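A short worksheet on the structure shown next.
The values are calculated or read from the model by the stated rules, or taken from the named source; none is laboratory data. This one's a predicted model, so the numbers in the text were calculated from it and none came from an experiment. So basically every Cβ, Gly included, is an ideal-geometry build from the backbone, and we count neighbours across all protein chains shown.
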Amino acid sequence: MSKVIGVDIGGTKILSAIVDENGNTIKTVRVPSEGKEGRDRILYHLYQTIEELISRDIIGIGIGTAGQVDPDTGVIVTATPNLKDWAGTPLKDIIEDRFNLPTYVDNDGNVAALGEWWIGGGRGARCLLCLTIGTGIGSGIVYEGKVFRGAKGVGAELGHMSIKYDGIRCNCGGIGCIEAYASGPALMKKLQEKGRSFGNPDEIQQAAESGDRIVLEAVKEIGVLLGYAMVSFINIFNPDIILLSGGVSNLGDFLIGPVRDIVDTYALPGGRDVKIGRAVLGENAGVVGAAALVYLKGAK
Ligand SMILES: [Zn+2]
């Protein structure tokens, strides 16, 4: 049976795995990415992890990375400061030259959505939207089995939907993006404003589960704002499934409940029957989706 190496490159770690054609993850390797140290260190770790997994059975390499990617050339277009000097890297060419295997490179949000569509919570969806709510809000859209990327491959950035033209400034430079209101740091900040501080999302989840009113109120407020963004997504794309992943999504129904209420009230009626739930692949979505890129020849 043919196998593929799927790689997920983030600011702090590189997760890689051998994935078979049914989407089973056979062997996983995790190394630091040292993204803040720059391109050479990232590539050093990337080469190492691929060398550890490569064998004669491997027919290709799929890579999802943070930042915007040109899916045709496999060049990194823009990157976050967490991946220093990464922009401009011709990653597809570099990996193909070194390992002599067909290589596909795409944005990590697109790749995660493809993974969920292939073997996860989005199976059977005609139009799948995935939102990863963590430090920022990553996203991906799969429509009729193909990743929706826009004209130059840099679209589907749902986290930068503005919900408030005179709102707060987002990391992207825009104003009022949903990422600025509903990401993990935004939730932490909201809780601080209410006089509560937490070290990590798990603590917030525990507080919500124990019925902490201030926490439930803050999560609801964020869910409402996320709901308004979802209304726009639903009116534009008419998805049949929307999946949430990332640290904030672990709040489950505390978050999804208020989202659902806003959607059921304000989305155009024809689109309200959308399923909204949690992604199922968790941390593996990136490596599985990256492997799917190879099996589906770029899902273009
Ligand atoms: Zn933004």
Conditions (1) among the β-branched types (V, I, T); (2) touching an Asp or Glu at 6+ places or on another chain (Cβ under 7 Å); (3) more than 30 Å from G74 (Cα to Cα) -> V287 fails only (3)
Quick one: would you say V105 is within 20 Å of V7 (Cα to Cα) and either within 16 Å of the ligand (Cβ to nearest atom) or in a strand (DSSP E or B) (or both)? yes
Every listed condition ((1) touching a residue at least 60 places away in the same chain (Cβ under 8 Å); (2) within 14 Å of the ligand (Cβ to nearest atom); (3) more than 16 Å from L243 (Cα to Cα)) holds for G153 save (2)
Selection from segment 13-64 of residues that are touching a residue at least 40 places away in the same chain (Cβ under 8 Å), closer than 16 Å to G289 by Cα and outside any strand (DSSP E or B): E21, N22, G23
Given (1) away from the ligand (no atom under 16 Å from the Cβ); (2) of a type in the set (F, W, Y); (3) surrounded by fewer than 21 Cβ atoms within 10 Å (Cβ to Cβ), number of the condition W118 does not satisfy: (3)
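Counting only residues that are more than 10 Å from the ligand (Cβ to nearest atom) and among the β-branched types (V, I, T), which one in segment 133-150 is modelled with the lowest pLDDT?
Checking each candidate, the answer is T135.
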Residues satisfying the stated conditions in segment 158-182, i.e. in contact (Cβ under 8 Å) with a residue 24 or more places away in the chain, small (G, A, S) and within 10 Å of the ligand (Cβ to nearest atom): G159
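Could we say that L129 is part of a helix (DSSP H, G or I), away from the ligand (no atom under 16 Å from the Cβ), at pLDDT 95 or above and not polar (S, T, N, Q) here?
Considered against the rule, which asks whether it is part of a helix (DSSP H, G or I), away from the ligand (no atom under 16 Å from the Cβ), at pLDDT 95 or above and not polar (S, T, N, Q), L129 comes out as no.
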When the residues of segment 176-201 are filtered to those that are farther than 20 Å from M161 by Cα and of a type in the set (S, T, N, Q), which remaining residue is modelled with the lowest pLDDT? N200
Which residues, counting only those in segment 90-108, are more than 14 Å from G10 (Cα to Cα) and under 21 Å from the mean Cα position of the chain (by Cα)? L91, K92, T103, Y104
Segment 229-288: number of residues that are part of a helix (DSSP H, G or I) and touching a residue at least 24 places away in the same chain (Cβ under 8 Å): 33
Test L191 against the criterion of being surrounded by 14 or more Cβ atoms within 10 Å (Cβ to Cβ), closer than 22 Å to Y228 by Cβ, touching a residue at least 60 places away in the same chain (Cβ under 8 Å) and in the same structural domain as D240 (by TED's automatic domain parsing), and give yes or no. no
Listed residues D108, D97, D8; which is surrounded by fewer than 19 Cβ atoms within 10 Å (Cβ to Cβ) and acidic (D, E)? D97
Residues located in segment 150-188, provided they are farther than 22 Å from A66 by Cα, surrounded by fewer than 16 Cβ atoms within 10 Å (Cβ to Cβ) and of a type outside the set (V, I, T): K164, Y165, D166
